[in-house]
Amino acid sequence: MPAFLNAKTVLNSFVPISRFNKGEAKKIISEVQDDGVKFIISDNAPECVMLSLDQYKNLLEEIEDLELAATALEREYRNTEKKYIPFDQVLAEAGITQADLDSVDETEIEFE
């Protein structure tokens with residue numbers, strides 16, 4: 001959870017919509033820039049969240065980092081899955097049995 005969303009910050013960040021109706025938008029925006037976040041409430045229910053531009057950029061960066069990490073993990077899993085094929089499966093796909101392998105004479109190869 002982002003640091004700016006701790007319990008104390010959240011409790012101190014509720015702003016009634018009536019403050020906007022009273023012309024306090026500029027003051028509220030200044031508070032958002034100082035605090036990082038404000039929760040706008042109407043009829044005692046949250047309606048929206050105001051984030052400072054820095055907090056918004058940080059959240060976007062965190063989302064991008066998580067998406068990149070998920071992509072990397074997916075690729076790693078796919079590559080690992082394809083990299084290792086059980087020997088029995090290779091034999092079966094080639095139509096070779098263990099008895100076929102056992103019946104073949106060993107061949108020595110000499111390199112010059």
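The values are calculated or read from the model by the stated rules, or taken from the named source; none is laboratory data. Keep in mind that this is a model prediction, so the values were computed, not measured. All Cβ positions, even for glycine, are placed from backbone atoms using ideal geometry, and neighbour counts span all protein chains on display. Quick note on the areas: whole protein, heavy atoms, side chains included, nothing else; ligands and nucleic acids left out. Shrake-Rupley method; radii C 1.70, N 1.55, O 1.52, S 1.80 Å.
Among the strands (runs of 3 or more DSSP E) contained in segment 6-80, which hold 2 or more residues that are open to solvent by 70 Å² or more (accessible area, probe 1.4 Å)? Step through it out loud before you land on a result.
Numbers: elements: 14-16, 37-42, 45-51.
Counting at least 2 such residues, we get 45-51.
Restricting the search to segment 81-91, which residues are modelled with pLDDT of 85 or more, in contact with a helix residue (DSSP H, G or I) (Cβ under 9 Å, 6 or more places away or on another chain) and open to solvent by less than 100 Å² (accessible area, probe 1.4 Å)?
L91
Under 7 Å by Cβ, and 6 or more places apart or on different chains, what pairs join a residue from segment 72-98 that is at negative phi with one that is part of a loop (DSSP other than H, G, I, E, B) and modelled with pLDDT of 75 or more?
Pairs found: L91/T97.
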